[in-house]
């Protein structure tokens, strides 16, 4: 007698283990304590979100040109919209604003090209971004050539200045940081001690002190009639300061690479720069992405300190606008706008770094 | 202090003076420099409502900035040829000493220490201010003498902080200072209840009061506890430039006294009044002594206005602050503003 085995049709999972209800039960209401905290959390969220949404959206004034258009009790976004151009471009002449747009659109396009994996010629685009673009940006933003009128740096401001400071700081700090990190691990006593002294000095002083020295002390020591542009002072201060931090982040990555990697590379006959550039650094930098992006994000936010040397970055220009007698009393709207802009940029940086980590993941993570 | 310490102190002071004075001497010809650059570089406050604030058309408006416009009108014939350099309260004197700005017009109180040890000269008083107190209305305080044990918000590095401790010590009142860095921070601290009293120059208190969600919830007490003459300052060692800045302000005061305004200045050119004819350059050339053209005062009044107009549109009746002229009225109307004659 033959027994016929027949597979029973797969049945759906019991109704109480799938679907949103089951998820809720498993994650939010799995016991009396959890249920209590879930309900408490929901209540707190309700308390917090209702007035926020009412203030920011439902009861807010959106359209108008002066403070008289803000009659409702919620936020007065008219203040932000009336000043939007100023918040983004600072005092950049209104007729020349297209130059800023073109510069940042080009930058965004270059970065996008580098970020999207399918596009070809990565190496050339990277070269253009690092070498060609800064020159292009200088001519576009500052002007003075090709019939573009000069826009002196004291008219730069707002989000544009924040981005310029952050990008220059990042592009400058990374290579200097790599060199300092390599130098600190070097066997050569002079190179090593120079790097140690440099890093420890710049890490030992707050950025606000560096900027303050640059604006208050430096002019007194300069020869008469020579004055360094305030923006250049800020560039130098921020870059040197951040490169010291960057150096320590990268040194952490270098420490994590087993000695065998370098020894194996040496056994293949590679010289120092080949060992570092082809074997050690690619592994170290990949591991250091969270740390490097962390430093970049803190740099981006630190740029607000340039306010104390009389440059109006995004936060500075918002604060300056708050003192216009026609718009007194809209501080909250101004600060919320500034915070939101900063959040957008910092959050995108952080998302991109997570994407990069996944993409470069080669099983080294534990 | 021993004899040795005293001498040491003296040497330090002397070398400091030499250093600062030297910096002034080298840059003697500020006027030439201004003409060559075709702009007056003017150190102002980054954010001081009524005195220097950025409007939505990207330009600075206020009493301090109009003083700079007047100088530019006198020297370059165009009131808009000013480059405003926003300065921090700590940084302002260095910027002037090092030549980064040509004139400092940044609600700076004229004190003997600043006038004599910093290598700068104050050229006059553009606004007579005084320190006052603002309290929450519901506190039920009517006079500053009732403030025993109060927490008082002030700003660091200003004369307000020093005046406050002097005033309370003299009157034997205990207080608890809460120090902030900027006016925005101190008003935010006041509104958040970090302190019961906010103390600052009266002009600033009026502006800060308007920033409160409900301006009527605070009142400004009648006591004025200090003299705060605010005025423009220049580097020591360039008397010509000193005269130009000094007389730019005097020209505005004289114009108000003689009734010359922005609107009627062109008609006034034909006036028979010898004072007006001299001021506007129809009789004699009083700009020559300063290296300026004869129409220097005419340009100031035509482009910026007289002192009363400047006061009115920035802080007075024509503005949101509506501060009374008070001490800033002309001497003919019971105030302190007085200018020597042009003769």
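Each reported figure results from applying straightforward, stated rules to the coordinates on display, with no laboratory input. Note that the structure is a prediction, hence the values are computed from the model and not measured. Cβ sites come from the backbone with ideal geometry, for glycine too, and all protein chains shown count toward neighbours.
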> Considering every residue in A:325-333, what mean count of other chain Cβ atoms within 10 Å of its Cβ is obtained?
Replying inline: 6
> Using the alpha-carbon centroid of each, what span in Å lies between the range A:93-137 and the range B:278-308?
Replying inline: 53 Å
> With Rg and the Kirkwood Rh both taken from Cα atoms, where does Rg over Rh land for the range A:1-116?
Replying inline: 1.34
> So what is the relative contact order for the range B:172-257, in percent, with contacts set as C-alpha pairs under 8 Å and at least six apart?
Replying inline: 16 percent
> Mind listing the Cα extents of chain A along all three principal axes, in Å, largest one first?
Replying inline: 109, 77, 42
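How high is the FRET efficiency from residue A:139 to residue A:271, r the C-beta distance, R0 41 Å, rounded to 0.05? List each step's numbers first, then the result.
Numbers: r = 38 Å, r/R0 = 0.93.
The pair residue A:139/residue A:271 has a calculated efficiency of 0.60.
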> How high is the relative contact order of the range A:218-366, given as a whole-number percent (alpha carbon pairs under 8 Å, six or more residues apart)?
Replying inline: 22 percent
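For the range B:131-226, what proportion of DSSP beta bridges, expressed in % and rounded to the nearest 5, is antiparallel?
Working: 8 of 16 bridges.
Percentage antiparallel, nearest 5: 50.
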>> Give me the percent relative contact order of chain B, please, defined on Cα pairs under 8 angstrom at least 6 residues apart.
In response: 20 percent
> If you take the square roots of the eigenvalues of the alpha-carbon gyration tensor of the range A:108-209 and sort them as a ≥ b ≥ c, do you get rounded (a/c under 1.5), prolate (a/b over b/c) or oblate?
Replying inline: oblate
> Roughly what % of DSSP beta bridges within the protein assembly as shown run antiparallel, to the nearest 5?
Replying inline: 50 percent
> So what's the Cα pair-distance distribution over the range B:131-226, bin width 5 Å, in %?
Replying inline: 3, 15, 29, 29, 18, 5, 1
> If you line up the long axis of helix B:239-257 against the longest principal axis of chain B, both from Cα atoms, how many degrees apart are they, to the nearest 10?
Replying inline: 90 degrees
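If a/c stays under 1.5 just call it rounded; otherwise compare a/b with b/c (prolate if a/b is bigger, oblate if not). Do that for the range A:128-168, with a ≥ b ≥ c from the square roots of the Cα gyration tensor eigenvalues. Let's see the in-between values first.
Working: a/c = 3.09, a/b = 1.02, b/c = 3.03.
Oblate.
In square nanometres and to one decimal, what's the mean projected area of the convex hull around the Cα atoms of the range A:283-366?
Values: hull surface 28.0 nm².
Mean shadow area of the hull around the Cα atoms is 7.0 nm².
Averaged over peptide B:48-60, how many Cβ atoms belonging to another chain are found within 10 Å of each residue's Cβ?
Details: counts 1, 7, 3, 2, 2, 9, 13, 8, 12, 2, 10, 1, 3.
So the per-residue partner count for this stretch is 6.
Only helical DSSP H runs with n ≥ 4 go in: add -39500 (n - 2.57) per run for chain A, normalise by residue count and round the 222 nm mean residue ellipticity to 500 deg cm²/dmol.
Values: 17 runs with 224 residues, N = 366.
Taken over chain A, the calculation gives -19500 deg cm²/dmol.
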> Counting partner chain Cβ atoms within 10 Å of every residue's Cβ in B:95-106, what's the average?
Replying inline: 2
> Using only Cα atoms, what is the ratio of the radius of gyration of the range B:211-317 to 2.2 N^0.38 Å?
Replying inline: 1.38
> For chain B, what proportion of DSSP beta bridges, expressed in % and rounded to the nearest 5, is antiparallel?
Replying inline: 55 percent
> Among B:85, B:170, B:67, which one moves the most in a GNM of chain B with springs linking Cα atoms closer than 10 Å?
Replying inline: B:170
>> For the protein assembly as shown, I need the span (max minus min coordinate) of the C-alpha atoms along each principal axis, in Å, sorted largest to smallest.
In response: 136, 66, 65
>> Report, to one decimal in Å, the Kirkwood hydrodynamic radius for the range A:195-318 based on all distinct Cα pairs.
In response: 16.9 Å
> Shape call for chain B from the C-alpha gyration tensor, a ≥ b ≥ c root eigenvalues: rounded (a/c under 1.5), prolate (a/b greater than b/c) or oblate?
Replying inline: oblate
>> Considering only C-alpha atoms, what is the centroid distance from the range A:243-285 to the range A:289-366, in Å?
In response: 31 Å
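Taking the number of other C-beta atoms within 10 Å as the exposure measure, put B:209, A:185 in order starting with the fewest. Show your work: numbers first, answer last.
On the way: B:209 21, A:185 15.
Least crowded to most crowded, the residues run A:185, B:209.
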